[in-house]
Amino acid sequence: MTETERKPMTLQRLREMHARREPIAMLTCYDAAFAALLDEAGVDCLLVGDSLGMVLQGEATTVPVSLDDVAYHVRCAARGRRHAWLIGDLPFGSYHGSAEQAMASASVLMQAGAQMVKLEGGGWTAETVRFLVERGVPVCAHLGLTPQSVHALGGYRVQGRDDASAATLVRHARELADAGAAMLVLELVPSALAASVTQTLPVPVIGIGAGNACSGQVLVLHDMLGITRGKRPRFVRDFGTGAASVEAAIRIYVADVKSRRFPDEELHSY
């Protein structure tokens with residue numbers, strides 16, 4: 001499909017992709033130049049993640065990222081995209097106080113150009129999701145390893161390994177979908193658990209370190225290009241190695257997600 005034939009992504013089109021089981025390719029993005037490049041390379045969804053704190057600002061976690069930080073990068077990415085769906089992360093502390101605070105924060109990101117907001121955690125977040133959705137804000141939920149809670153979780157650990165925590169995750173996923181979340185990110189969970197959630201939930205489940213059976217995949221842009229220094233997580237593949245250009249690496253990522261060549265269950269899953 002050429003650029004002129006490609007239609008802008010909408011929530012309805014994402015639902016149609018999910019219904020026909022076409023994998024959704026998502027990457028993080030923080031500026032106009034990469035937004036245009038990712039868009040042209042066929043990425044379906046761009047996530048302005050609070051991961052910007054670690055990959056752009058040099059922070060040790062995502063916790064220090066502010067709402068103003070995310071809004072700035074959403075505004076930049078919105079100027080570069082033409083077709084891809086744009087999601088903005090609600091950072092730590094921007095939605096925890098009340099549903100009204102969450103709505104005010106979501107409004108900042110939507111006015112900056114986001115078409116959906118993402119928030120982390122289950123349980124108490126279901127009512128926040130319902131509050132936002134009832135007021136016209138599309139919401140992506142996020143379960144499993146939730147980086148904003150890294151200190152409470154005891155580090156970057158695989159979640160849902162035992163029966164009790166797996167059952168809690170499944171319950172939270174259902175509650176969030178029932179509350180109106182239109183998408184769910186599952187991070188660092190066993191592939192069998194992610195497959196079960198994907199099969200039972202009525203909305204797309206986007207995996208990161210969650211196996212091959214999810215409705216789509218997301219990676220941090222810097223990780224998949226091999227830019228991030230230090231040890232890479234098991235679930236990351238360096239698509240920049242052997243690629244002729246950054247654009248070529250991104251196109252390989254999209255093609256491998258769409259064909260389910262990535263992630264490889266033996267190499268990238270738990």
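At a glance:
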quantity	calculated
Linear extension gain, R6 paired with Q199, 0.36 nm per residue minus alpha-carbon span	66.6 nm
Residues with amide H under 5 Å from that of Y270, placed H, sequence gap 5 or more	S191, G211
Percentage, to the nearest whole number, of Cα pairs in segment 38-138 over 23 Å apart	24
Rel. contact order, % - alpha carbon contacts under 8 angstrom, at least six apart, the chain	18
Euclidean distance of C-alpha centroids, segment 42-88 and segment 198-270, integer Å	18
Residues with amide H under 5 Å from that of L188, placed H, sequence gap 5 or more	L145, I208, G209, A210
Å² of accessible area per residue within segment 32-94, as computed with a 1.4 Å probe and no ligands counted	35
Backbone N within segment 105-142 under 17 Å of label point (7 Å from S149 Cα along the Cβ vector)	118-130, 140-142
Stretch in the chain that is longest and holds no trypsin sites (Lys or Arg not before Pro) that DSSP places in a loop and that have at most 15 other beta carbons within 10 Å	162-228
Surface accessible to a 1.4 Å probe, I250 within the full protein complex, Å²	0
Segment 85-165, dipole about Cα centre (Lys/Arg Cβ +1, Asp/Glu Cβ -1), debye to the nearest 20	140
Average Cα contact separation per residue, segment 34-112, under 8 Å, 6 or more apart, as relative contact order %	35
Candidates per chymotrypsin sites (Phe, Trp or Tyr not before Pro) in segment 86-164, loop by DSSP, up to 16 other Cβ within 10 Å	W124, Y156
Sequence-distant aspartates and glutamates (8 or more away, or on other chains) whose Cα lies within less than 18 Å of K7	E16, E22, D39, E40, D44
Segment 104-181 shape via C-alpha gyration tensor axes, a/c threshold 1.5	oblate
Neighbour count of at most 12 Cβ within 10 Å plus DSSP loop: longest GluC sites (Glu not before Pro)-free window in the chain	6-270
Reachable lysines, given that their alpha-carbon falls under 16 Å from the alpha-carbon of K231 and they are not under 8 places away in the same chain	none
Calculated FRET value between R171 and S245, using beta carbons and R₀ = 41 Å, to 0.05	0.35
Charge dipole magnitude, Cβ of K and R +1, D and E -1 - the chain, Cα centre, debye nearest 20	400
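The values are calculated or read from the model by the stated rules, or taken from the named source; none is laboratory data. On a predicted model such as this, the values are computed, not experimentally measured, just so you know. In this analysis, Cβ positions are derived from the backbone assuming ideal geometry, glycine residues included, and neighbour counts consider all displayed protein chains. Surface areas here come from the heavy atoms of the whole protein model, side chains and all, with no ligands, DNA or RNA. Shrake-Rupley method; radii C 1.70, N 1.55, O 1.52, S 1.80 Å.
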